[in-house]
Structure formats: structure tokens, C-alpha cells
Amino acid sequence: MENTQFYVVKRGDNLTKIASMFHVTLDQILEWNPEIENPDIIHPGQRIRVAAPEMHGEFEPFPGPDFFQSSVTSPVIEAMGFRLIEEECSAYAGGPDSQWSEADRKSYAMWQRKLGFTGHEADGTPGRKSWERLHVPAVFE
């Protein structure tokens, strides 16, 4: 869908609040997310399509190798996890969350090997080349 991005639902969010954050109507959010059957029920970690400002790109830029540490919590990590699952590269027991973990590292290593990387290039720490090929959708923090 043109000019849309994903927002990862956080605890305490509701669709009205999300629509307001992105300056769109609740009806627009529901139109872009036909899988939402009941607008009163959304869950933390769920990806919601939202309108994106023109200045944002379609995908998350590579945040750099220092970003991928257990002390980092970001919806970008969660969005990456969902993309890894879509690519059938998952070591997640219960699904990804926003904190970098060993499950993220193992899942990313699977992605790197799927791309043909070996050795230290397949250690699970994202690098620019593998990140750009994963196409993590832009998210809003």
C-alpha cells in the first residue's frame, strides 16, 4: 500500500490513540487493516498499518552494529523479528519483542545463513548488507 508504514502496538495503545498519533481517522486505520475484526481489541506487538509522513522511507535504515545489544529496547527490534518470522528464520519461543535477545541473534543468524553468509558474517549480529535485504518496515518510536 502506498504511503503506509507499520506501527508496533505497545501496552496501553488503542486504535483511537494510534490514529491520533498519525493524524488519520479510525476509519482509515480500519480500512488499511481489514484483519482487525473488533476495533476495541488489539494486542501489544501487533503490527498496524498507518499513514507515514512523506519524510520517512519505506524501510528502517541500518541502525549500526552497536544497536544490537541486550540493553537496547526498540520497536525496530520487534519489527525485525516479525520480518525474520516471515522469512522462516525464527528461533523465537513465543514471538519477538522490543528488547534484543539471544532469540533475536539466533534468528538473525538463520537469516544470514539463508543469504549465504558464513563464519563471522553469520554470527547473528546484523550487518548493513543483510539488514538492507531483510526490508524491515519503518516503524515509529
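Kindly report the accessible area of the range 11-141 per residue (heavy atoms of protein chains, probe 1.4 Å, no ligands, DNA or RNA), in Å². Don't jump to the answer; show the numbers that get you there.
Working: 7500 Å² over 131 residues.
Value returned for the range 11-141: 57 Å² of accessible area per residue.
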With runs of 4+ DSSP H residues as the only contributors, calculate the mean residue ellipticity of the chain at 222 nm using -39,500 (n - 2.57) per run, divided by the residue total and rounded to the nearest 500.
-9500 deg cm²/dmol
To the nearest 20 debye, what is the magnitude of the charge dipole of the range 18-141 about its Cα centre, counting +1 on the Cβ of each Lys and Arg and -1 on the Cβ of each Asp and Glu?
500 debye
For the chain, average projected area of the Cα convex hull in nm²:
8.7 nm²
Over 5 Å intervals from 0, what percent of Cα-Cα pairs in the range 8-82 sits in each interval?
3, 13, 23, 22, 19, 11, 7, 2
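The values are calculated or read from the model by the stated rules, or taken from the named source; none is laboratory data. Note that this is a predicted model, so its numbers are computed, not measured. Because the Cβ atoms are built from the backbone with ideal geometry, glycine has one as well, and the counts that use them run over all protein chains shown. All accessible areas refer to the heavy atoms of the entire protein, side chains included, with ligands and DNA or RNA removed. Shrake-Rupley method; radii C 1.70, N 1.55, O 1.52, S 1.80 Å.
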